1. What strands (runs of 3 or more DSSP E), lying completely within segment 216-299, carry at least 1 residues that are within 16 Å of Phe122 (Cα to Cα)?
2. For segment 36-77, what are the residues that are in contact (Cβ under 8 Å) with a residue 40 or more places away in the chain and part of a loop (DSSP other than H, G, I, E, B)?
3. Among (1) over 22 Å from Lys176 (Cβ atoms); (2) open to solvent by less than 30 Å² (accessible area, probe 1.4 Å); (3) modelled with pLDDT under 95, which single condition is Gly244 missing?
4. Among the numbered conditions (1) in contact with a Ser or Thr (Cβ under 7 Å, 6 or more places away or on another chain); (2) open to solvent by 20 Å² or more (accessible area, probe 1.4 Å), tell me where Asn79 comes up short.
5. Select from segment 267-292 the residues that are among the acidic types (Asp, Glu) and at pLDDT 95 or above and write down the one among them that is surrounded by the most Cβ atoms within 10 Å (Cβ to Cβ).
6. For residues that are part of a strand (DSSP E or B), of a type in the set (Lys, Arg) and more than 28 Å from Leu31 (Cβ to Cβ), tally how many sit in segment 93-127.
7. Is one or more of the residues making up segment 128-140 open to solvent by 10 Å² or more (accessible area, probe 1.4 Å), part of a strand (DSSP E or B) and at negative phi?
8. Looking at (1) open to solvent by less than 10 Å² (accessible area, probe 1.4 Å); (2) among the hydrophobic types (A, V, I, L, M, F, W, C); (3) in contact with a helix residue (DSSP H, G or I) (Cβ under 6 Å, 6 or more places away or on another chain), which is the one condition that is false for Phe122?
Amino acid sequence: MKLFLKTFGFAFFLALFVSCGNADDDVNLNLNFGDGLGKGVPVDDCLGLEEGELVLSIQEEFTTLPGKVSIFFRVSDTNGNPVPGLNADQFTIYEQGRNDDCFNTISTSESFARISPNAQIFSNNTLLVLDLSNSVLDSSLEELKIASTSFINNVMPATAQESFQMAIYWFDGEDKLHLLNELTPSRQDLITAIDGITDDISADPSTDLYGAVIKSTDIASNLIRETTTGGKIGAASVVIFTDGTDQASRFTKDAALKKVTDADSNISFFSIGLGSEIDTEVLTEIGKTASVFATNKEELEETFNDISEKISERANSFYLFEYCSPKRDGSGVNNLAIQVNTGSREGAVQTKFDAKGFEGGCQ
């Protein structure tokens with residue numbers, strides 16, 4: 001079982017949450033999007049909690065004086081599907097000090113337990129990459145614009161948040177990934193950019209699909225590096241739409257798929273295919289997180305909505321849970337367990353924290 005507070009982590013996260021401090025180190029964290037408890041362990045048998053249907057995967061954990069304990073974690077079901085929309089009242093906190101035979105329940109009201117905005121440490125960027133080759137512009141541009149607008153409305157918060165941003169790119173046959181709108185938290189800016197697409201936007205009717213995959217992955221990788229600085233943990237989603245196969249042959253299929261396979265684990269890949277000319281096997285490999293296919297342009301909005309729902313659920317299944325511990329300096333390393341109960345499903349995870357320096361006054 002790992003210690004709740006690592007030496008270098010304390011210095012970094014204390015600087016993050018103390019108003020006058022500056023982070024000296026960058027977070028280098030691989031988010032756990034799959035199975036497993038992350039930095040947590042199964043709860044002690046003394047609690048008598050049965051194995052539940054939910055998995056709490058601890059991504060990071062830290063303390064802030066005078067006595068706040070913060071846990072950044074993801075909630076999913078046992079199949080790895082994200083569970084968004086939980087609130088502090090659905091969690092129970094258990095602590096076990098060095099003089100306790102088992103865990104004691106901590107009052108969520110007395111401990112000021114809360115779900116805090118994970119934007120404090122978590123940034124999520126989405127790259128929407130659109131095929132604007134000749135076949136799309138000639139036959140399904142208006143449907144694509146409607147579907148893209150719906151996608152933006154579903155993924156982006158109504159009120160702009162710097163922690164949720166999106167950029168829009170497009171590709172045709174050129175050896176270039178064209179920028180339609182730079183990374184922004186503004187939903188309206190993105191919609192305006194989509195509205196501005198015209199059927200004469202492209203000068204090359206071919207399709208450089210593999211080049212678009214490679215280039216967008218490189219952009220997402222750079223975003224991960226940039227957003228895991230200054231106290232942030234970064235995640236990115238690449239969403240690629242196409243109505244056909246790669247025709248430009250500028251890059252190989254193997255090179256594109258290798259780029260996806262070898263990408264940072266904090267990057268999610270989604271693909272949307274339209275029509276009968278797509279290669280569903282290749283698009284499924286490109287969209288290794290999820291892929292959807294529309295048989296005709298009338299189904300396009302529905303498929304975009306399917307992907308937007310998956311992206312939103314993944315982003316909103318990460319929680320920053322904070323509470324004020326009654327443990328005090330001298331109590332040493334303490335066990336901590338968090339249980340979530342939605343009424344129909346439950347799960348729990350255990351970890352540790354050090355109460356060194358803890359005293360009253362935490363809120």
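The values are calculated or read from the model by the stated rules, or taken from the named source; none is laboratory data. Keep in mind that this is a model prediction, so the values were computed, not measured. Cβ atoms come from the backbone with ideal geometry, glycine included; neighbour counts cover every protein chain shown. Side chains are part of the model used for accessible areas, which takes the heavy atoms of the whole protein and leaves out ligands, DNA and RNA. Shrake-Rupley method; radii C 1.70, N 1.55, O 1.52, S 1.80 Å.
1. Here the list reads 233-242, 267-274.
2. Across segment 36-77, the qualifying residues are Leu37, Lys39, Gly40, Pro42, Val43, Asp44, Leu49, Gly52, Glu53, Leu65, Pro66, Gly67.
3. (1)
4. (1)
5. Kept after step one, since they are among the acidic types (Asp, Glu), are these residues of segment 267-292: 277, 279, 281, 285.
Right, trim to at pLDDT 95 or above and you get 279, 281, 285.
Numbers: Asp279: 16, Glu281: 9, Glu285: 18.
Only one residue tops the list, namely Glu285.
6. Total meeting the criteria: 0.
7. No: zero hits.
8. The failed condition is (3).
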